[in-house]
Each structure stands twice: as structure tokens, then as C-alpha cells.
Protein chains: 2
Amino acid sequence: MQIPTFSNIQEAYQIIQPEVHQTPVLTNQQLDERTRGHIYLKCENFQKVGAFKIRGATYAISQLSDEEARQGVATHSSGNHAQAVALAAKKRGIPAYIVMPKNAPQVKVNAVKDYGANITFCESTQDARESTLRDVVDETGASFIHPYNNPHIITGQGTAALELLEQQPHLDMVLAPIGGGGLMSGTAITTSGLSREIAIVGSEPEVANDAFLSFQTGTLHPVQSTDTVADGLRTSLSELTFACIQKHVDEIVTVTEQQIIDAMRFIWERMKIIIEPSSAVPIAAALHHIDCTDKRIGIIISGGNIDLKHLPWQS
Amino acid sequence: MQIPTFSNIQEAYQIIQPEVHQTPVLTNQQLDERTRGHIYLKCENFQKVGAFKIRGATYAISQLSDEEARQGVATHSSGNHAQAVALAAKKRGIPAYIVMPKNAPQVKVNAVKDYGANITFCESTQDARESTLRDVVDETGASFIHPYNNPHIITGQGTAALELLEQQPHLDMVLAPIGGGGLMSGTAITTSGLSREIAIVGSEPEVANDAFLSFQTGTLHPVQSTDTVADGLRTSLSELTFACIQKHVDEIVTVTEQQIIDAMRFIWERMKIIIEPSSAVPIAAALHHIDCTDKRIGIIISGGNIDLKHLPWQS
């Protein structure tokens, strides 16, 4: 698979723009005081489905031929990507087949159902998900839309940074979280395509530091522990996202679980916006691990989907 | 005391504008679908101190003579008004004396302290608060800034609706919550001053329906129960706010505790913004008690200050 280019992302933006929200860029005086910098939050928590994922899903689905599209699309996910694929498929008027673990939270099952997707339940192991997905694809002929090991997905996710840099062109650094690496890859391609002067920094939980280790050693390390509060960042990089990150990212920093929880609570309390734990990871990086002094730093806030009955500062 | 006029509010806005945020007006597709109307939320949760209260406090303090100002200002409150008075006094460079109950949450005490105010603790009864305040005023010569029984406070609070109607001029109705009635009074004066065509509706918890009863009977009823989740709406109207409401408000509707909690959670989940329970009261009114069909309705979101450790859907 080829690494997407900056011009791929520019073209993708033209295509998906009518289907996604232009999310706001917010600032906060107390955040600036604490970091000693100027922090610009690109608020994809206000995006459709509550996360940047709709960008990649919309673009990937737009790139299917009519014949492919008729067979529908499939994916396995219990998170934001499932909702994004379901909604983007609904918009194109094609079937979506979503494989979800039996123990997926009812609220997420309902959200996918509300978009009219077909759900197949499976055991909650990775093997069961993948084999069930293969069965669904065999039966239906649907196209598998991988959440990040897919150049169109990466291309779509890169449009968030494109919008950020249109809204706030003069940045010294762009920061994003790294899970499977789709958002980070797209962000890095966009940012380096627009300017060589902007530092590109990834951030990851210390306990799920596969991207950090892979980046340091030059070899793909699968994630060892998934015991992080940042539930969107429990996945490993793929060959494709690792290649993008190696090519374009300048640095990856890691943060502790307590730093993630504190950063999330700080944003909720001071800015009155709901961000999910994964989005607090780059905030924590800016607060504790990066010298932000007098720098203009854009941060991609990946989403705002969280179970409001179980907040991390209450456990 | 005289009821403030629309032109008082226009003048006040000129004075306080440099000191307060122009808060955004947000919309949401799902909220519109559920109400069958077009709902415009004036987001004072994004205001300084996290609530509209800074508007009234800033204006009231701006109206003190230099001699009065030198003696400082005083109030008793454990809520948003205390922080607003503390910050507005700090901005004018004068002392603030805040009487707070001993059992006030530490986070609120710290917030007031952070603005440099002098805190006097007292027992948590209304009597203790009032007598302690009198002592503080006697000792210091400070001016008492009542949270709502003060024409300048009402005038300042009315600037939120003024901004809303500048941002979204074509409304059929404006909805606000009623606690002591300062926000409702200011909102009603502004709205009726701008147009006789816009309906002005107040909303209140059913279990703290003093304004509803007073409005229905024409006689001021003090609040009987303070057992509502909407902690900002536990106070009774004053003579002054009751007079404003009688003159300008068209209707008052009441909502149940469960409707408040559900409405608050709906906004958090769907819009990813943090609103306090008091702000969910007019949302619940729009969802359950008002015919919104095809109407353009502005709602004043009063604030976003809530203890994130104790959310009402968890108790």
C-alpha cells in the first residue's frame, strides 16, 4: 500500500466537505498560562458521530465504485469507527455490516443501529472479530473498511489538520494522539505538506507505548498492554501507519495515566467541553512533556465519546 | 427600587463588553429533531467564571463611585455569584468580602480565593449568612452586591439576551431559567424592549416552583423546598425580580427532576458541552412542555459549573 500524499488529502477535503462539520478551533487562557504557550484545540469532539472518524469513513466510502458500493461495506469495531462507517454508508445509501463483540455497551450498539447498519455479534476476542468479519465479507461481498490500515482512511483523517491549518495558519507545532495511527498519519502528511517549519509530535499513553517503541527502534512493536484509560489508543500501529509516522513525525512523547485523567478533568472544568480520554493525551503531553513556551501549538482533539456513568476520576 | 429599562441594558452592555466574553450561540440537529423546532443555545457556560453572573457583577461594580469602590464590595454566596463578584472586584482593583458557609465545597472556596477575595466563614443557615454579612459591611464599609435584588445586577444579566438577539435576531421565543429571577428579569426586559413579537417564557423545577406560584397568584410566594438538582434555582424571587417578571414574562412552565437530569445528559452526550443542572431546566421545558414546532427558540444556558465527581445520573 502506498503512503497517501498531501494532494490526496486536499482532494479528499473537496469531496467530504459537504458531509462533515467544520469544527471550531478553541483557545483557553488558563491552558495557555499553564503551558506558557498558545494552544489551539481543533475540536473534533463536535464532529458528526462525536469524533474525527467520520472524515476517513466518508472518504473511503466515496472512493468505492458503484459496483463495489452496492455490495456494501463492513468493519469490526465497538468504537467510533463503527458509527462513522454506519453513518457514511447510510449517507451513500448502501448497506453497512458491523461486527461487534457481544459485550459491547448497549449505547454503542444502539448508535450503530440508529444509523441503520446490520450488526453481527461475536465473542470479544480479536480472533473472533476477524473470523466473523471474514464470514460477513464472504457472504455479502462487502468491502472491508479497516479503521486505519487503509490509505483512504488516512487521507480522510488528514483533513482535520488541513482545516486546523486553514483556521490557524501560523503554528509552530501540531500535536495528535496515536492509537492505530490513522489520525497521526493523516495529520503528519498534511502538516509536512503545508510547511516544513511546523514540528509534528505524536503522543501516547506510557502503558500502551507501541508507537513510541516502534519509532525509537525502527521496528514495528505490537502493543503489549491495553490497560489505559485512553480507550481509543489501545490498538497497535499497522505497517502503513508506521511508514507514515516514520516518514513525517518528528517526535513521540508518552504520558502517564494520572496525567491523562488530570488533563481531561482540567479541560472539562475550565473549558466546559467534553473530550474523551484519548483526546486528553496530547493535552497532557503539552502540560507536562513539551516545552511550549511562547509556541503556537495546534492539538487535534480526536473526540468526545465517553460513558458519562463511568468517569475516570471516579473509579 | 425601580425596574431597569431596555436602554439601561443597552448602556450597560457598552460598559461591560470589554470585560466579558461574547459567548457563542450553538445549535444541534438532534435537539431540533426532538423539539421539532429550531433551538439556539446562548452558551454562558463558556462565560468567564463559567456563568452569566459575571455580567451583573461587572456592571454593578462599575456603577460604584470611586469613594464607594475604595471600601470594596461584599456578598454572601457559595455559588457563581461569589466568584463573579470576586473577579469583577479584582478587575476594578478593589477589595471583595465574601461570606461563605463553613461547609462550602473546597473547590468553590479556592476559586474565590484565587481571585484574591477575603473570605469570612459562617454557619450554613440563611440567618448566619445575613448577620455575618451585616458585620462585614459594618466593619469594612463595603457595598453589598445582592445576587439579584439589585437593579444593576438585573441590568447586567440582561446583556446575555441582548447578545443572543444580536447573534440570532429572528426568534419567536426566548426561554430562561428562574432562580432568584435576576437572569429572567434582565432577559425579559431586553427581549420585550427589542420586540413585542417574541414570547418570553420562564422555566423552573416543579419542586421549587415559587416563581410559577407567584406568577399565577399575583402574590410573592417564597420557595418551600430546596430539594432540586438545579442548585442555582433554589432561591426565591425578590420584590424587584417579581415585579420585572410580572411585567414582562408571558408564561412560566415547570419541569420534573427526572426531566432536568435527562435533558442535561442529552446535551452532554449529543453536544459534548458541559451545562449545569439549572441550565437543563429550560431545555427540559422545550423538550416536554412547550410546543416548539417550527419555532425559532433562544435558550439562555446559564452556566457550566458542576462538581464532576457527583453527576446527577449517578446518584
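The values are calculated or read from the model by the stated rules, or taken from the named source; none is laboratory data. What you are looking at is a predicted structure, and each value in this text was computed from that prediction instead of being measured. Cβ sites come from the backbone with ideal geometry, for glycine too, and all protein chains shown count toward neighbours. Only protein heavy atoms, including side chains, enter the accessible area calculation; ligands, DNA and RNA are left aside. Shrake-Rupley method; radii C 1.70, N 1.55, O 1.52, S 1.80 Å.
For a paramagnetic label modelled on B:His310 (point 7 Å from Cα along Cα→Cβ), amide N atoms under 15 Å away belong, within the stretch B:44-80, to B:78-79.
Sequentially through the stretch B:145-158, phi angles give Karplus couplings (6.51, -1.76, 1.60; θ = phi - 60°) of 9, 5, x, 8, 7, 7, x, 5, 4, 4, 4, x, 5, x Hz, Gly and Pro residues having no value and appearing as x.
Distances between placed amide hydrogens fall under 5 Å for B:Leu171 paired with no residue 5 or more residues away or on another chain. Expressed in Å, the radius of gyration and Dmax of the Cα atoms of the stretch B:252-297 are 10.4, 28. Beta bridges assigned by DSSP with both partners in chain B are antiparallel in approximately 10 percent of cases.
Near A:Pro101, once Lys and Arg are set to +1 and Asp and Glu to -1 for all other residues with Cβ below 11 Å from its Cβ, the sum equals +2.
About its Cα centre, the dipole of chain A is roughly 680 debye, where the only charges are +1 on Lys and Arg Cβ and -1 on Asp and Glu Cβ.
Using a 7 Å projection from Cα along Cα-to-Cβ, the label point at A:Arg36 is separated from the same position in the remaining copies by 5.9 nm, smallest value first. Across the identical copies, the 7 Å label point of B:Gln246, projected outward along Cα→Cβ, sits 8.0 nm from its counterparts, in ascending order. A viscosity of 0.890 mPa s and a temperature of 25 °C, combined with the Kirkwood radius over C-alpha pairs in the Stokes-Einstein formula, give the protein assembly as shown a diffusion coefficient of 95 µm²/s. Counting, for every residue in A:267-273, the Cβ atoms of other protein chains within 10 Å of its Cβ and taking the mean gives 6. Interface between chains A and B: roughly 1600 Å² of accessible area buried, both sides summed (probe 1.4 Å, protein heavy atoms only). Among the GluC sites (Glu not before Pro) in the stretch A:53-142, those placed in a DSSP loop whose Cβ has at most 16 other Cβ atoms within 10 Å are A:Glu123. Overall, the anisotropy analysis places the stretch A:70-165 in the prolate class: the square-rooted eigenvalues a ≥ b ≥ c of its C-alpha gyration tensor yield a/c not less than 1.5, with a/b exceeding b/c. A point 7 Å from Cα along Cα→Cβ stands in for A:Ile3, and the other copies hold the same point at 7.0 nm, listed in rising order.
Here the simple spin-label model places points 7 Å from the Cα toward Cβ, and for A:Arg265 and B:Asp66 these points are separated by 4.6 nm. Computed with a 1.4 Å probe over protein heavy atoms only, the accessible surface of the stretch B:72-141 comes to 47 Å² per residue. Summarising the label geometry, the points placed 7 Å from Cα in the beta-carbon direction at B:Thr125 and B:Gln246 lie 3.1 nm from one another. Start at zero, step by 20 Å, and the Cα-Cα distances of chain B spread as 36, 59, 5 percent across the bins. Between amide H atoms placed 1.01 Å from N, distances below 5 Å from A:Ala96 occur with A:Val73, A:Asn118, all of them 5 or more places distant or on a separate chain.
Among B:245-256, A:22-33, A:87-98, sorting by the average number of other beta carbon atoms lying within 10 angstrom of each residue, highest first, gives A:87-98, B:245-256, A:22-33. Of the accessible area of chain B, computed with a 1.4 Å probe over protein heavy atoms only, carbon and sulfur atoms account for 44 percent.
Taken one residue at a time, the phi angles of the stretch B:183-195 give Karplus couplings (6.51, -1.76, 1.60, θ = phi - 60°) of 5, 4, 4, x, 4, 5, 5, 4, 5, 5, x, 7, 7 Hz. Gly and Pro are set to x.
Annotation: amide H-H contacts under 5 Å for B:Thr235 (H modelled 1.01 Å from N, sequence separation of 5 or more, or interchain): B:Gly180.
3J(HN,Hα) along the stretch B:103-110: 8, 4, x, 4, 4, 6, 4, 4 Hz, from the Karplus curve 6.51 cos²θ - 1.76 cosθ + 1.60 with θ = phi - 60°, whole Hz, x for Gly and Pro.
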